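Here the structure comes first, spelled out in structure tokens, and everything after it is commentary.
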Amino acid sequence: TMQLGTVTNTVSVKSNALQVETQSTQNGVVIEEQKIVSVPLNGRSYIDLLKLQPGVSPYSHSQDSQTSGVGATQVSGDLDNGQQSVNGGRTGSNAFMVNGANAEEGVHNGAAMIPNLDSIAQFRIITNNFDAEYGNYSGGQVNVVTKSGTNQYHGTVFDFLRNTDLDARNYYSPTRGVFIQNQFGGSAGGPIRKNKMFWFADYQGTRQILGQTQSYPVPSNADRTGDLTDQASSLTGTVIGA
């Protein structure tokens with residue numbers, strides 16, 4: 001005969017104690033692959049994610065020519081070269097690395113290369129109190145870690161399209177300027193020798209067709225004969241050759 005057992009209630013209270021960092025004083029954020037590919041990015045550049053971190057102020061490379069008189073070094077197309085102000089520091093004081101190796105151009109100290117998003121495993125930006133190993137630069141330290149192959153074959157394929165039908169008309173233009181942008185590519189990796197050696201490759205292509213609508217005044221019949229009396233300028237009432 002089966003007997004009824006007693007009812008036992010157990011209440012467990014757990015508390016995760018705060019862990020004090022005793023090995024490093026660095027402050028920074030690690031952005032993993034899932035976050036990188038989940039956030040929509042116009043141009044598919046991880047650099048646009050840097051400005052989401054505390055203490056990082058957005059900056060456009062188009063401002064370089066206004067402040068220094070020297071045009072910015074463009075990495076790929078019209079992508080920003082990563083000059084961000086970190087905690088109020090100079091925009092040219094940041095370090096850019098790929099797999100720990102220096103990847104910085106020498107004109108404005110921006111990023112010399114922007115890896116394909118599908119090839120990035122994670123990246124980290126250290127905003128302050130960085131270790132002595134990053135002593136070359138006083139600003140933010142950005143290090144990108146790319147993927148490597150595994151024992152299984154994996155790959156991705158992507159194609160992003162933006163065209164004129166999806167754009168709005170410029171307020172001052174009677175028509176929409178042609179804008180067709182296509183970004184396509186993929187990545188793949190696998191084993192060469194299992195548990196020993198692997199391979200990984202990626203590719204991204206960008207094709208753009210850009211057009212714009214502009215209006216310019218053309219010389220009137222009077223202007224063509226040298227009569228500028230119809231011009232609203234300091235030449236009002238002036239007839240060339242008279």
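The values are calculated or read from the model by the stated rules, or taken from the named source; none is laboratory data. Worth saying up front: this structure is predicted, and the values here are computed from it rather than measured. Backbone-built Cβ (ideal geometry, glycine too); neighbour counts: all protein chains shown. Note: areas computed on protein heavy atoms with side chains; ligands, DNA, RNA excluded. Shrake-Rupley method; radii C 1.70, N 1.55, O 1.52, S 1.80 Å.
Going residue by residue through segment 114-128, is there one that turns out to be open to solvent by 60 Å² or more (accessible area, probe 1.4 Å), modelled with pLDDT under 90 and not in a strand (DSSP E or B)?
no
When the residues of segment 219-242 are narrowed to those that are modelled with pLDDT of 65 or more and among the charged types (D, E, K, R), which ends up surrounded by the most Cβ atoms within 10 Å (Cβ to Cβ)?
The selected residue is Asp227.
Quick one: which of Ser68, Ser38 is open to solvent by 60 Å² or more (accessible area, probe 1.4 Å), at pLDDT below 85 and farther than 27 Å from Leu161 by Cα?
Ser68
All but one of (1) closer than 28 Å to Arg207 by Cβ; (2) open to solvent by less than 50 Å² (accessible area, probe 1.4 Å) hold for Ser85; state the number of the condition that does not hold.
(1)
Tell me which residues, restricted to segment 104-117, are among the aliphatic types (A, V, I, L, M) and over 12 Å from Val145 (Cα atoms).
Scanning segment 104-117 gives Val107, Ala111, Ala112, Met113.
What single numbered condition from (1) open to solvent by 70 Å² or more (accessible area, probe 1.4 Å); (2) modelled with pLDDT of 90 or more; (3) in a loop (DSSP other than H, G, I, E, B) fails to hold for Tyr216?
Only one criterion in (1) open to solvent by 70 Å² or more (accessible area, probe 1.4 Å); (2) modelled with pLDDT of 90 or more; (3) in a loop (DSSP other than H, G, I, E, B) is unmet by Tyr216, namely (2).
List the pairs whose first member sits in segment 94-114 and is within 17 Å of Thr127 (Cα to Cα) and aromatic (Phe, Trp, Tyr), whose second member is part of a loop (DSSP other than H, G, I, E, B) and open to solvent by less than 20 Å² (accessible area, probe 1.4 Å), and whose Cβ atoms are under 8 Å apart, counting only residues at least 6 apart or on separate chains?
Close Cβ pairs (under 8 Å, with a partner that is part of a loop (DSSP other than H, G, I, E, B) and open to solvent by less than 20 Å² (accessible area, probe 1.4 Å)) amount to Phe96/Gly82; Phe96/Ala103; Phe96/Gly110.
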